[in-house]
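Everything below concerns the one structure shown next.
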Amino acid sequence: SGSGMVAAEVSAALKDRGIIVNPVGPTSLRMVTHYDVTTAQCQQAVEAVREIAVAAVSGALA
């Protein structure tokens, strides 16, 4: 990936933020919502992914 992180590392970083995703390969994640997950919670998850990606690319995530 362009971030240098493998899916398992991204999954672990998201888990630290309370977001559970499953790595399904070295560069792929599976993200699923449930009926009771709100739009705001989905937006929080997207923001967390963005923050982790930015930190990884900038070298701030080591």
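Laboratory data are not the source of any read-out in this text; all were calculated from the coordinates shown. Being a predicted model, the structure only gives us computed values, none of them experimental. Virtual Cβ from ideal backbone geometry, glycine too; neighbours counted across all protein chains shown.
If neighbour count is taken as other Cβ atoms inside 10 Å, put 27, 39 in order from fewest to most.
Least crowded to most crowded, the residues run 39, 27.
When only Cα pairs under 8 Å and 6 or more residues apart are kept, what is the percent relative contact order across the chain?
36
How long is the gain from residue 60 to residue 39 if the chain were fully straight, where each residue apart is worth 0.36 nm and the alpha carbon distance is subtracted?
4.7 nm
Take peptides 44-50, 5-11 and line them up by average Cβ neighbours within 10 Å, highest first, as a rough protection proxy.
Highest mean packing first, the order is 5-11, 44-50.
At residue 8 and residue 51, where each label point lies 7 Å from the Cα along Cα→Cβ, what is the point-to-point distance in nanometres?
Each label point lies 7 Å from its Cα, and together they span 2.5 nm.
If you look at just the Cα atoms of the chain, how large are its Rg and its Dmax in Å?
11.7, 36
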